[in-house]
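Okay, structure first, notes after.
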Amino acid sequence: MDAFVSVSHARQTALQTAGQPIPKPQTVRALLDTGASVTCLDSTILTNLNIPPTGTTLMNTPTTGSTPATVNVYDVSILIPGATPPPLFLHTIAVAESQLFQSQGFHALIGRDILGACVFHYNGPLNLLTVSY
Amino acid sequence: MALEKELETYKQKLPELLAEEGKFVLIQDSEVVGIYTSYEDAIKEGYSKFGPNKPFLVKRIQSMDQVHFISRFVEPCHTFQSR
């Protein structure tokens, strides 16, 4: 699914106050991933938004082995359009930085920190996943 | 490395911060600026006080840092600290 990522609301206000340009929102191909405990964004998206990290977190993936990696965390806003308005809009959410999403066809993993507020209905015979929020 | 000083301050101050475990601390350089009940509030205060260009750290206060799990084959972007 497509989603839109931009700087967080607080950062946008700070940029406006400082008279600095606000980076253009980025359209990302996102994968809903119940196997991800946190939402992740590809580094290229974060570079395009020109945002500095405001935190770090520990992350374990199939590539890290048993020792978690320390990764940067960024505050962003995420808008996920729905079939009917209003869209799901998170004005300030922490996301972890990762790589290699694009080769798999997506730039973002929408993790359980967001999906925890949604209801899923998977209709296998119709190959249809409905997400409500 | 980004936020190196702030992470060091967090480590030093953690024993006293644990009285507020679960909340979010805002740190700039070696100063604990405040403790907030939500991530959004801490981020908002950080940008309000320091603007868009000065680094600050927002971190949930925890005796042991939470480890996030990603089951998909992705590569974490290691910070300098964890390389």
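Within region B:1-49, track down each residue that is surrounded by 18 or more Cβ atoms within 10 Å (Cβ to Cβ) and at pLDDT below 95. Across region B:1-49, the qualifying residue is only B:Leu3.
Scanning region A:1-44 for residues that are facing chain B (nearest Cβ under 7 Å) and touching a residue at least 24 places away in the same chain (Cβ under 8 Å) yields A:Ser8, A:Ala10, A:Arg11, A:Asp33, A:Ala36, A:Ser37, A:Val38, A:Cys40, A:Ser43. Against the test of being under 17 Å from A:Leu32 (Cβ atoms) and either buried (at least 19 other Cβ atoms within 10 Å of the Cβ) or touching a helix residue (DSSP H, G or I) at 6+ places or on another chain (Cβ under 9 Å) (or both), the options A:Gly124, A:Gly111 yield a single qualifying residue, A:Gly111. Candidates in region B:37-54 are the residues that are within 19 Å of B:Glu21 (Cβ to Cβ) and under 12 Å from the mean Cα position of the chain (by Cα); of these, the one that is farthest from the other protein chains (Cβ to nearest Cβ) is B:Ala42.
Of the residues making up region A:58-92, those that are crowded, with 16+ Cβ neighbours inside 10 Å, farther than 15 Å from A:Val131 by Cβ, more than 8 Å from every other protein chain (Cβ to nearest Cβ) and of a type outside the set (Gly, Ala, Ser) are A:Val73, A:Tyr74, A:Val76. Are any of the residues in region B:55-66 out of contact with any helix residue (DSSP H, G or I) (no Cβ under 8 Å at 6 or more places or on another chain), modelled with pLDDT under 95 and at the interface with chain A (Cβ under 9 Å from one of its Cβ atoms)? So far as region B:55-66 goes, yes, one or more of its residues are out of contact with any helix residue (DSSP H, G or I) (no Cβ under 8 Å at 6 or more places or on another chain), modelled with pLDDT under 95 and at the interface with chain A (Cβ under 9 Å from one of its Cβ atoms).
Looking at region A:56-65, can you tell me whether even one residue there is in contact (Cβ under 8 Å) with a residue 24 or more places away in the chain, out of contact with any His (no Cβ under 9 Å at 6 or more places or on another chain), farther than 20 Å from A:Pro25 by Cα and part of a strand (DSSP E or B)? Scanning region A:56-65 turns up no residue that is in contact (Cβ under 8 Å) with a residue 24 or more places away in the chain, out of contact with any His (no Cβ under 9 Å at 6 or more places or on another chain), farther than 20 Å from A:Pro25 by Cα and part of a strand (DSSP E or B).
The values are calculated or read from the model by the stated rules, or taken from the named source; none is laboratory data. All of these numbers come straight from a predicted model, not from anything done at the bench. No Cβ is skipped: glycine too gets one built from the backbone with ideal geometry, and neighbour counts run over all protein chains shown.
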